[in-house]
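First up is the structure itself, then whatever we jot down about it.
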Amino acid sequence: MTSQDQPGATAPMTIAVIGATGFVGNSVVSHLARAGHRVVALSRDGGRRAGWPDSVETRAADVASGAGLSEGLQGADAAVHLVAIPRQTKDESFAAVNVRGTQRAVESARGAGVRRFVHLSALGVIDDPKLDFLYSKWLGEQIVRDSDLEWVVLRPSLLFGPGDGFFSLVRTTLKWWSPGIVAIPGDGSARFQPLAVDDLAVAVERSLVDADRAGSVYELGGPEYWTYRQIVDEVMKVTGMRRFRLGMPIPLISALTSVTDRVLPIFPVSHDQIQSLQRPNSTELDAFVRAFGIEPRPFDVSYLGR
Ligand SMILES: NC(=O)c1ccc[n+]([C@@H]2O[C@H](COP(=O)([O-])OP(=O)(O)OC[C@H]3O[C@@H](n4cnc5c(N)ncnc54)[C@H](OP(=O)(O)O)[C@@H]3O)[C@@H](O)[C@H]2O)c1
(Lines give C-alpha, C1' and ligand atoms only; values in the text may rest on other atoms or scores of the structure.)
Protein backbone atom coordinates (compact mmCIF):
# COMPACT_ATOMS: atom_id res chain seq x y z
CA MET A 1 0.00 0.00 0.00
CA THR A 2 1.26 3.52 -0.70
CA SER A 3 0.48 6.69 1.22
CA GLN A 4 -1.90 7.78 -1.54
CA ASP A 5 -4.33 4.92 -0.98
CA GLN A 6 -4.14 4.82 2.80
CA PRO A 7 -7.58 4.41 4.41
CA GLY A 8 -8.51 7.15 6.89
CA ALA A 9 -11.22 5.61 9.04
CA THR A 10 -10.84 7.31 12.43
CA ALA A 11 -13.16 9.41 14.59
CA PRO A 12 -12.55 13.12 13.92
CA MET A 13 -10.64 14.99 16.64
CA THR A 14 -9.86 18.63 17.36
CA ILE A 15 -6.13 18.96 16.72
CA ALA A 16 -3.93 21.98 17.42
CA VAL A 17 -0.92 22.31 15.11
CA ILE A 18 1.79 24.42 16.76
CA GLY A 19 4.04 25.85 14.03
CA ALA A 20 1.30 25.36 11.43
CA THR A 21 2.49 27.83 8.81
CA GLY A 22 5.92 26.28 8.31
CA PHE A 23 7.02 23.74 5.72
CA VAL A 24 5.93 20.68 7.74
CA GLY A 25 2.95 22.44 9.30
CA ASN A 26 1.45 23.34 5.93
CA SER A 27 1.42 19.69 4.86
CA VAL A 28 0.23 18.43 8.26
CA VAL A 29 -2.67 20.92 8.43
CA SER A 30 -3.82 20.02 4.91
CA HIS A 31 -3.62 16.29 5.61
CA LEU A 32 -5.46 16.50 8.95
CA ALA A 33 -8.22 18.65 7.45
CA ARG A 34 -8.61 16.26 4.50
CA ALA A 35 -8.85 13.35 6.96
CA GLY A 36 -11.87 15.11 8.54
CA HIS A 37 -10.32 16.51 11.73
CA ARG A 38 -11.09 19.95 13.10
CA VAL A 39 -7.76 21.78 12.86
CA VAL A 40 -6.59 24.76 14.89
CA ALA A 41 -3.48 26.22 13.24
CA LEU A 42 -1.12 28.12 15.57
CA SER A 43 1.73 30.38 14.53
CA ARG A 44 3.13 33.64 15.85
CA ASP A 45 0.94 35.86 13.70
CA GLY A 46 -1.99 33.46 13.40
CA GLY A 47 -1.48 33.31 9.62
CA ARG A 48 -3.15 31.07 7.06
CA ARG A 49 -1.53 29.22 4.13
CA ALA A 50 -3.13 29.25 0.68
CA GLY A 51 -4.82 25.92 0.06
CA TRP A 52 -6.06 25.30 3.59
CA PRO A 53 -9.83 24.77 3.71
CA ASP A 54 -11.94 27.45 5.41
CA SER A 55 -12.70 24.98 8.22
CA VAL A 56 -9.11 25.44 9.52
CA GLU A 57 -9.19 27.89 12.42
CA THR A 58 -6.10 30.06 12.93
CA ARG A 59 -4.85 31.47 16.23
CA ALA A 60 -1.77 33.48 17.23
CA ALA A 61 0.56 31.84 19.76
CA ASP A 62 4.25 32.25 20.54
CA VAL A 63 6.08 29.38 22.24
CA ALA A 64 9.09 31.57 23.07
CA SER A 65 7.11 34.13 25.07
CA GLY A 66 4.11 31.91 25.85
CA ALA A 67 1.74 34.63 24.57
CA GLY A 68 -1.54 33.14 23.32
CA LEU A 69 -0.40 29.55 23.80
CA SER A 70 -2.81 28.41 26.54
CA GLU A 71 -5.74 30.09 24.78
CA GLY A 72 -4.60 28.65 21.44
CA LEU A 73 -4.72 25.11 22.79
CA GLN A 74 -8.12 25.42 24.46
CA GLY A 75 -10.58 22.83 23.20
CA ALA A 76 -7.98 20.62 21.50
CA ASP A 77 -8.01 16.85 22.06
CA ALA A 78 -4.51 16.55 20.68
CA ALA A 79 -1.60 18.72 19.60
CA VAL A 80 1.38 18.37 17.29
CA HIS A 81 4.40 20.50 18.11
CA LEU A 82 6.43 21.61 15.07
CA VAL A 83 8.25 24.71 16.28
CA ALA A 84 12.04 24.68 16.18
CA ILE A 85 14.77 26.82 14.65
CA PRO A 86 17.67 25.11 12.80
CA ARG A 87 20.09 28.01 13.36
CA GLN A 88 20.47 30.56 16.12
CA THR A 89 20.27 34.27 15.38
CA LYS A 90 20.95 37.30 17.55
CA ASP A 91 17.23 37.38 18.35
CA GLU A 92 16.46 33.67 18.78
CA SER A 93 18.42 31.00 20.63
CA PHE A 94 18.01 27.23 20.63
CA ALA A 95 17.50 27.41 24.40
CA ALA A 96 14.62 29.89 24.07
CA VAL A 97 12.79 28.31 21.13
CA ASN A 98 13.71 24.61 20.89
CA VAL A 99 14.00 23.91 24.61
CA ARG A 100 11.99 26.42 26.65
CA GLY A 101 9.48 26.73 23.78
CA THR A 102 8.85 23.00 23.98
CA GLN A 103 8.52 23.26 27.77
CA ARG A 104 5.89 25.97 27.33
CA ALA A 105 4.04 23.94 24.70
CA VAL A 106 3.95 20.89 27.00
CA GLU A 107 2.82 22.90 30.05
CA SER A 108 0.16 24.75 28.07
CA ALA A 109 -1.10 21.49 26.56
CA ARG A 110 -1.40 19.95 30.02
CA GLY A 111 -3.20 23.03 31.30
CA ALA A 112 -5.62 22.99 28.39
CA GLY A 113 -6.48 19.32 28.92
CA VAL A 114 -4.82 18.11 25.70
CA ARG A 115 -4.26 14.35 25.93
CA ARG A 116 -2.20 13.27 22.91
CA PHE A 117 0.95 15.27 22.12
CA VAL A 118 3.03 14.50 19.02
CA HIS A 119 6.49 16.07 18.98
CA LEU A 120 8.66 16.52 15.88
CA SER A 121 12.23 15.72 16.81
CA ALA A 122 15.01 14.81 14.34
CA LEU A 123 17.36 11.93 13.55
CA GLY A 124 20.73 12.29 15.23
CA VAL A 125 19.53 13.98 18.44
CA ILE A 126 22.13 13.56 21.14
CA ASP A 127 22.85 14.39 24.76
CA ASP A 128 26.00 16.32 23.83
CA PRO A 129 26.16 20.10 24.35
CA LYS A 130 28.92 20.38 21.71
CA LEU A 131 26.29 19.86 18.98
CA ASP A 132 24.07 22.83 19.72
CA PHE A 133 21.03 22.09 17.52
CA LEU A 134 20.92 18.33 18.05
CA TYR A 135 21.40 18.83 21.78
CA SER A 136 18.54 21.36 21.90
CA LYS A 137 16.32 18.87 20.06
CA TRP A 138 17.39 16.17 22.52
CA LEU A 139 16.47 18.37 25.49
CA GLY A 140 13.12 19.25 23.90
CA GLU A 141 12.42 15.56 23.37
CA GLN A 142 13.23 14.77 27.02
CA ILE A 143 10.78 17.41 28.21
CA VAL A 144 8.04 15.75 26.16
CA ARG A 145 9.01 12.23 27.25
CA ASP A 146 9.16 13.22 30.93
CA SER A 147 5.64 14.67 30.79
CA ASP A 148 2.48 12.81 31.73
CA LEU A 149 0.92 13.58 28.35
CA GLU A 150 0.18 10.72 25.95
CA TRP A 151 3.26 11.61 23.90
CA VAL A 152 4.64 10.30 20.61
CA VAL A 153 8.05 11.42 19.29
CA LEU A 154 8.87 11.35 15.56
CA ARG A 155 12.50 11.62 14.46
CA PRO A 156 12.58 12.08 10.69
CA SER A 157 15.56 12.43 8.37
CA LEU A 158 15.58 15.37 5.94
CA LEU A 159 12.12 16.16 4.58
CA PHE A 160 11.52 17.06 0.94
CA GLY A 161 8.60 18.73 -0.80
CA PRO A 162 7.85 22.15 -2.31
CA GLY A 163 8.93 24.88 0.10
CA ASP A 164 11.39 22.64 1.96
CA GLY A 165 14.32 24.05 3.91
CA PHE A 166 17.31 21.82 3.17
CA PHE A 167 17.07 21.02 -0.54
CA SER A 168 16.02 24.56 -1.43
CA LEU A 169 19.11 25.72 0.44
CA VAL A 170 21.28 23.41 -1.67
CA ARG A 171 19.78 25.05 -4.77
CA THR A 172 20.38 28.54 -3.32
CA THR A 173 23.95 27.58 -2.48
CA LEU A 174 24.56 26.36 -6.02
CA LYS A 175 22.97 29.43 -7.55
CA TRP A 176 24.41 32.25 -5.44
CA TRP A 177 27.43 30.89 -3.54
CA SER A 178 29.05 28.53 -6.03
CA PRO A 179 30.35 30.33 -9.13
CA GLY A 180 31.57 27.38 -11.23
CA ILE A 181 32.64 25.34 -8.18
CA VAL A 182 30.55 23.97 -5.32
CA ALA A 183 32.23 23.08 -2.01
CA ILE A 184 31.38 19.64 -0.64
CA PRO A 185 32.10 19.04 3.07
CA GLY A 186 34.73 16.30 3.34
CA ASP A 187 34.26 13.59 0.72
CA GLY A 188 30.50 14.23 0.59
CA SER A 189 29.72 10.81 2.01
CA ALA A 190 27.48 12.06 4.87
CA ARG A 191 24.38 9.91 4.50
CA PHE A 192 20.74 10.98 4.59
CA GLN A 193 17.41 9.23 4.03
CA PRO A 194 15.06 11.85 2.61
CA LEU A 195 11.38 11.43 3.42
CA ALA A 196 8.47 13.12 1.61
CA VAL A 197 6.82 15.69 3.86
CA ASP A 198 3.40 14.41 2.80
CA ASP A 199 4.36 10.92 4.03
CA LEU A 200 5.46 12.42 7.32
CA ALA A 201 2.04 14.07 7.57
CA VAL A 202 0.45 10.62 7.40
CA ALA A 203 2.72 9.47 10.24
CA VAL A 204 1.72 12.52 12.28
CA GLU A 205 -1.96 11.75 11.88
CA ARG A 206 -1.54 8.08 12.82
CA SER A 207 0.49 9.17 15.86
CA LEU A 208 -2.27 11.58 16.88
CA VAL A 209 -5.14 9.12 16.61
CA ASP A 210 -3.86 5.57 17.23
CA ALA A 211 -4.29 4.75 20.92
CA ASP A 212 -1.50 2.17 21.02
CA ARG A 213 1.21 4.57 19.78
CA ALA A 214 1.41 6.54 23.06
CA GLY A 215 4.92 6.42 24.54
CA SER A 216 6.59 5.56 21.20
CA VAL A 217 9.66 7.07 19.53
CA TYR A 218 9.84 6.51 15.76
CA GLU A 219 12.97 7.02 13.66
CA LEU A 220 11.76 7.69 10.12
CA GLY A 221 13.32 7.92 6.68
CA GLY A 222 12.48 7.37 3.04
CA PRO A 223 13.11 4.24 0.95
CA GLU A 224 16.71 5.09 -0.12
CA TYR A 225 19.96 6.41 1.28
CA TRP A 226 21.43 9.48 -0.41
CA THR A 227 24.86 10.92 0.30
CA TYR A 228 25.37 14.67 0.38
CA ARG A 229 27.34 14.41 -2.87
CA GLN A 230 24.49 12.52 -4.58
CA ILE A 231 21.98 15.09 -3.32
CA VAL A 232 24.05 17.94 -4.79
CA ASP A 233 24.25 16.02 -8.10
CA GLU A 234 20.48 15.50 -8.09
CA VAL A 235 19.78 19.19 -7.41
CA MET A 236 22.17 20.13 -10.23
CA LYS A 237 20.35 17.68 -12.52
CA VAL A 238 16.82 18.94 -11.83
CA THR A 239 17.80 22.61 -11.95
CA GLY A 240 20.15 22.35 -14.94
CA MET A 241 22.96 24.03 -12.96
CA ARG A 242 26.43 22.62 -13.62
CA ARG A 243 29.17 23.09 -11.05
CA PHE A 244 32.50 21.39 -10.39
CA ARG A 245 32.37 19.58 -7.03
CA LEU A 246 35.32 20.37 -4.78
CA GLY A 247 35.78 18.34 -1.59
CA MET A 248 36.71 20.66 1.28
CA PRO A 249 38.32 19.09 4.38
CA ILE A 250 35.98 19.28 7.38
CA PRO A 251 38.58 21.09 9.59
CA LEU A 252 38.93 23.77 6.89
CA ILE A 253 35.19 24.29 6.45
CA SER A 254 34.83 24.28 10.26
CA ALA A 255 37.41 27.04 10.56
CA LEU A 256 35.64 29.02 7.82
CA THR A 257 32.18 28.69 9.38
CA SER A 258 33.41 29.64 12.84
CA VAL A 259 34.33 32.99 11.24
CA THR A 260 31.25 33.36 8.98
CA ASP A 261 28.96 32.62 11.95
CA ARG A 262 30.27 35.84 13.51
CA VAL A 263 30.75 38.13 10.52
CA LEU A 264 28.51 36.76 7.74
CA PRO A 265 25.32 35.33 9.26
CA ILE A 266 23.75 34.86 5.80
CA PHE A 267 26.41 32.25 4.90
CA PRO A 268 24.36 29.19 3.85
CA VAL A 269 25.70 26.83 6.50
CA SER A 270 26.53 27.35 10.17
CA HIS A 271 29.47 25.94 12.12
CA ASP A 272 27.04 23.85 14.15
CA GLN A 273 25.48 22.36 11.02
CA ILE A 274 28.91 21.28 9.77
CA GLN A 275 29.65 19.64 13.14
CA SER A 276 26.32 17.82 13.05
CA LEU A 277 27.35 16.00 9.84
CA GLN A 278 29.22 13.60 12.14
CA ARG A 279 25.86 12.31 13.44
CA PRO A 280 23.88 9.67 11.53
CA ASN A 281 20.91 11.04 9.60
CA SER A 282 19.53 7.71 8.48
CA THR A 283 17.82 4.69 9.95
CA GLU A 284 16.66 1.31 8.65
CA LEU A 285 15.32 1.43 5.09
CA ASP A 286 12.04 -0.21 6.05
CA ALA A 287 11.52 1.89 9.20
CA PHE A 288 8.58 3.82 7.77
CA VAL A 289 6.69 0.88 6.32
CA ARG A 290 7.19 -1.13 9.53
CA ALA A 291 5.89 1.72 11.67
CA PHE A 292 3.01 2.98 9.53
CA GLY A 293 2.24 0.23 6.99
CA ILE A 294 2.76 2.36 3.88
CA GLU A 295 5.63 2.63 1.40
CA PRO A 296 7.14 6.12 1.54
CA ARG A 297 7.70 7.88 -1.77
CA PRO A 298 11.17 7.85 -3.36
CA PHE A 299 13.27 11.00 -3.25
CA ASP A 300 12.09 13.50 -5.83
CA VAL A 301 13.11 17.17 -5.88
CA SER A 302 11.98 17.91 -9.43
CA TYR A 303 9.93 20.83 -8.00
CA LEU A 304 13.24 22.67 -7.48
CA GLY A 305 13.59 22.98 -11.24
CA ARG A 306 10.18 24.55 -11.79
N1 LIG B 1 12.37 20.35 7.50
C2 LIG B 1 13.07 19.24 7.73
O3 LIG B 1 13.77 18.68 6.85
C4 LIG B 1 13.02 18.62 9.12
C5 LIG B 1 13.70 17.42 9.34
C6 LIG B 1 13.66 16.84 10.61
C7 LIG B 1 12.95 17.46 11.62
N8 LIG B 1 12.30 18.64 11.38
C9 LIG B 1 11.54 19.26 12.48
O10 LIG B 1 10.22 19.52 12.03
C11 LIG B 1 9.72 20.69 12.70
C12 LIG B 1 9.13 21.66 11.68
O13 LIG B 1 10.16 22.07 10.80
P14 LIG B 1 9.86 23.00 9.53
O15 LIG B 1 10.87 22.64 8.51
O16 LIG B 1 8.43 22.96 9.19
O17 LIG B 1 10.20 24.44 10.12
P18 LIG B 1 9.71 25.88 9.58
O19 LIG B 1 9.33 25.79 8.14
O20 LIG B 1 10.76 26.84 9.98
O21 LIG B 1 8.39 26.17 10.42
C22 LIG B 1 8.43 26.55 11.76
C23 LIG B 1 7.04 26.96 12.22
O24 LIG B 1 7.13 27.40 13.58
C25 LIG B 1 6.55 28.71 13.69
N26 LIG B 1 7.29 29.42 14.73
C27 LIG B 1 8.58 29.84 14.71
N28 LIG B 1 8.91 30.40 15.88
C29 LIG B 1 7.80 30.33 16.65
C30 LIG B 1 7.50 30.72 17.97
N31 LIG B 1 8.40 31.34 18.75
N32 LIG B 1 6.25 30.47 18.45
C33 LIG B 1 5.32 29.87 17.69
N34 LIG B 1 5.54 29.47 16.43
C35 LIG B 1 6.76 29.72 15.93
C36 LIG B 1 6.67 29.32 12.32
O37 LIG B 1 5.66 30.28 12.06
P38 LIG B 1 5.87 31.84 12.25
O39 LIG B 1 7.30 32.15 11.93
O40 LIG B 1 4.87 32.42 11.29
O41 LIG B 1 5.50 32.07 13.67
C42 LIG B 1 6.39 28.09 11.45
O43 LIG B 1 4.99 27.88 11.42
C44 LIG B 1 10.88 21.25 13.51
O45 LIG B 1 10.77 20.78 14.83
C46 LIG B 1 12.10 20.63 12.86
O47 LIG B 1 13.20 20.51 13.76
C48 LIG B 1 12.31 19.24 10.15
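The values are calculated or read from the model by the stated rules, or taken from the named source; none is laboratory data. If you're wondering where the values come from, they're calculated on a predicted model, not measured in any experiment. In this analysis, Cβ positions are derived from the backbone assuming ideal geometry, glycine residues included, and neighbour counts consider all displayed protein chains. All accessible areas refer to the heavy atoms of the entire protein, side chains included, with ligands and DNA or RNA removed. Shrake-Rupley method; radii C 1.70, N 1.55, O 1.52, S 1.80 Å.
Out of the residues in the stretch 288-306 that are in a helix (DSSP H, G or I) and over 15 Å from Arg155 (Cα atoms), which is least open to solvent (accessible area, probe 1.4 Å)? Only one residue tops the list, namely Leu304.
The residue that is nearest to the ligand (Cβ to nearest atom), counting only those in the stretch 101-127 that are closer than 17 Å to Leu42 by Cβ and free of Cβ contacts under 8 Å to residues at least 40 places away in the same chain, is Gly101. Quick check on Phe192: is it within 21 Å of Val269 (Cα to Cα), of a type in the set (A, V, I, L, M, F, W, C), in contact (Cβ under 8 Å) with a residue 24 or more places away in the chain and buried (at least 18 other Cβ atoms within 10 Å of the Cβ)? Against the criterion (within 21 Å of Val269 (Cα to Cα), of a type in the set (A, V, I, L, M, F, W, C), in contact (Cβ under 8 Å) with a residue 24 or more places away in the chain and buried (at least 18 other Cβ atoms within 10 Å of the Cβ)), Phe192 qualifies. Each residue in the stretch 245-286 was checked for being of a type in the set (A, V, I, L, M, F, W, C) and either within 20 Å of Phe94 (Cα to Cα) or in contact with a Lys or Arg (Cβ under 8 Å, 6 or more places away or on another chain) (or both), and 8 of them qualify.
When each of Arg100, Arg104 is tested for being open to solvent by 20 Å² or more (accessible area, probe 1.4 Å) and either touching a helix residue (DSSP H, G or I) at 6+ places or on another chain (Cβ under 8 Å) or modelled with pLDDT under 95 (or both), the lone residue that passes is Arg104. The residues of the stretch 139-188 that are on the phi > 0 side of the Ramachandran plot and open to solvent by less than 10 Å² (accessible area, probe 1.4 Å), listed by number, are Gly161, Gly188.
Quick check on Arg49: is it within 30 Å of Val269 (Cα to Cα), free of Cβ contacts under 8 Å to residues at least 24 places away in the same chain and among the basic types (Lys, Arg)? The answer is no for Arg49.
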